[in-house]
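Working notes, beginning with the structure itself.
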């Protein structure tokens with residue numbers, strides 16, 4: 001049979017809705033026989049509380065929607081896991097939804113969420129087909145508020161951005177201060193290039209002429225770092241910054257196989273703070289995402305529910321380890 005409602009449970013028991021509700025909430029001052037009847041019927045008919053109706057009645061929404069595209073990288077899994085733990089610990093129920101769907105499907109999903117969720121966290125880059133849908137839904141002022149993470153949001157949405165260049169700048173500055181003078185960027189991401197540019201702009205005039213930034217265009221996977229080994233060695237660089245830890249790990253494998261001493265001959269730095277960074281030999285210096293800072297801000301926004309949109313930029317941070325010391 002269809003799921004039984006609180007009203008139907010009251011009719012079956014011959015008691016008022018209020019009395020049945022008190023029993024199900026385990027409240028006091030209910031005659032034991034009546035309590036036993038309600039609990040027996042609730043078990044018999046598999047009664048499940050209607051959370052959406054309860055939340056709407058109390059003007060409270062305990063569910064939080066999380067929209068994402070995929071779990072292709074470890075750092076993204078870290079972000080999702082950390083956010084789910086924080087939400088659960090605070091008494092919220094995370095609900096995951098996928099962004100790679102048609103605008104009509106996305107709208108149907110968000111409409112379903114509107115009865116139980118107050119906030120939707122959009123966790124990574126929104127596909128172009130979803131942008132217009134989200135903008136239009138936010139403009140309608142549905143009973144949902146959006147928190148965009150690591151991407152520009154809509155006018156009425158909260159927006160939390162990541163400054164990737166800041167951590168890259170600190171990492172390259174550390175390399176230059178340690179005496180490295182030929183810094184190779186192996187990758188193709190603009191945020192990494194910008195961080196390197198800022199680090200070189202910090203150099204005093206007495207050092208600027210003796211330091212050089214080199215560039216080698218590659219994608220960010222393990223195989224790309226491994227395959228770039230010969231070109232990296234031929235570049236004459238004494239330090240190399242990789243777009244990702246996966247890429248850096250590929251080069252560390254190449255270096256181990258070819259007897260290249262890291263960091264004596266060449267310092268190595270990656271980006272993401274994946275688990276591979278802590279487990280590689282030598283341990284990999286890296287730039288870490290502000291996972292904890294962003295997720296604690298998400299929880300703060302949900303609990304405070306500010307009227308004005310929150311817009312904040314979070315810096316990344318350099319973590320020095322054995323590969324650059």
Handout entry: Alpha-carbon centroid distance for the pair segment 246-325 / segment 162-240, whole angstrom
Key = 15 Å
Problem - Within the chain, helix-based [θ] at 222 nm, where runs of 4 or more DSSP H residues each add -39,500 (n - 2.57), nearest 500 - result: -13500 deg cm²/dmol
Exercise for the section: Rank by packing, highest mean first: peptides 239-246, 74-81, with packing defined as the count of other Cβ atoms within 10 Å averaged across residues. Expected result: 239-246, 74-81
Exercise for the section: Would you look at the GNM of the chain, springs on alpha carbons closer than 10 Å, and say which of 92, 215, 45 moves the most? Expected result: 45
Completion exercise
Given a Förster distance of 35 Å, the FRET efficiency implied by the Cβ-Cβ spacing of residue 45 and residue 278, rounded to the nearest 0.05, works out to 0.10
Practice task
Show me 181-191, 282-292 ranked by packing, highest mean number of other Cβ atoms within 10 Å first.
Solution key: 282-292, 181-191
Practice task
Starting from the Cα-Cα distance between residue 90 and residue 77, subtract it from 0.36 nm times their residue separation and give me the gain in nm to one decimal.
Solution key: 2.7 nm
Completion exercise
Within the chain, the percent of DSSP beta bridges that are antiparallel, given to the nearest 5, stands at 10 percent
Problem - Three-way shape call for segment 164-289 based on the alpha-carbon gyration tensor, with the a/c threshold at 1.5 - result: prolate
Problem - Listed candidates (i) 0.97; (ii) 1.01; (iii) 1.16 - label of the one calculated as Rg/Rh (Cα atoms, Kirkwood Rh) - result: (iii)
Handout entry: Three-way shape label, segment 6-49, alpha-carbon gyration tensor, a/c 1.5
Key = rounded
Handout entry: Pair residue 325, residue 296: separation of 7 Å Cα→Cβ label points (nm)
Key = 2.6 nm
Completion exercise
Among 114, 267, 211, the residue with the largest mean-square fluctuation in a Gaussian network model of the chain built from Cα contacts under 10 Å is 211
Practice task
Just subtract the alpha-carbon distance of residue 219 and residue 304 from 0.36 nm times their residue separation and send over the number in nm, one decimal.
Solution key: 26.5 nm
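Bear in mind these aren't lab numbers, they're just calculated from the coordinates by the rules spelled out. All figures in this text were calculated on a predicted structure; none of them were measured in a lab. Glycine also receives a Cβ, built like all others from the backbone with ideal geometry; neighbour counts cover every protein chain displayed.
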